[in-house]
1. Non-local amide H neighbours of residue 28 (under 5 Å, H modeled in plane, Pro and chain starts lacking H): which ones?
2. To the nearest 10 square angstrom, how much accessible area does residue 63 have with a 1.4 angstrom probe?
3. Just to be sure I understand the model, the point goes 7 Å from the Cα along the line to the Cβ. What's the resulting residue 46 to residue 63 distance in nm?
4. From the phi of every residue in the range 47-53, what ³J(HN,Hα) in whole Hz does the Karplus formula 6.51 cos²θ - 1.76 cosθ + 1.60 yield, where θ is phi - 60° and glycine or proline is x?
5. Under the rule of at least 5 residues apart or a separate chain, name every residue whose amide H is placed under 5 Å from the amide H of residue 68.
6. Given 37 °C and 0.692 mPa s, how large is the Stokes-Einstein diffusion coefficient of the range 37-90 in µm²/s, with Rh as the Kirkwood radius over Cα pairs?
7. What does the accessible area of residue 65 come to, in Å² to the nearest 10, when a probe of 1.4 Å is used?
Amino acid sequence: MTPLLQKTTPDELTQAPSGAPTPQMERIPDWNKLARADEVSIRRADGSISSGRIDMLSRDRRVFWIIQNDGKGRTMIDKNEDTTVFRRTSDSSNERHPRS
């Protein structure tokens, strides 16, 4: 049996179940700004959420794969699907993606 997908509102992406803030997540509309090993959360049109680390990206950045958290395996994310991508911001991600 397939487990039910978790449905989440956009505000819940930045809050833990207890309501305590989690590390800041920023919306990434331009997938060219994504890189391997970025920690992301993907919100699909049906409200389901997938979270994990980017494993691979296509050259044109229209498709990428994540290794999902909690042992849920690897999944492909396609820009043609109605998805919203959020990336975790932290000091370590700023070191990986220096701004000039």
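1. 85, 86, 87
2. For residue 63, the solvent-accessible surface is approximately 30 Å².
3. The two pseudo-label positions are separated by 2.1 nm.
4. Along the range 47-53, the couplings run x, 6, 10, 10, 10, x, 10 Hz.
5. Those lying under 5 Å, H to H, from residue 68 are 73, 74, 75.
6. Working: Rh = 11.2 Å.
The estimated diffusion coefficient comes to 293 µm²/s.
7. 70 Å²
The values are calculated or read from the model by the stated rules, or taken from the named source; none is laboratory data. Quick caveat: nothing in here was measured; it's all calculated off a predicted structure. All Cβ positions, glycine included, derive from the backbone under ideal geometry; neighbour counts span all protein chains shown. Just the protein is used for accessible areas: all its heavy atoms, side chains included, with ligands, DNA and RNA removed. Shrake-Rupley method; radii C 1.70, N 1.55, O 1.52, S 1.80 Å.
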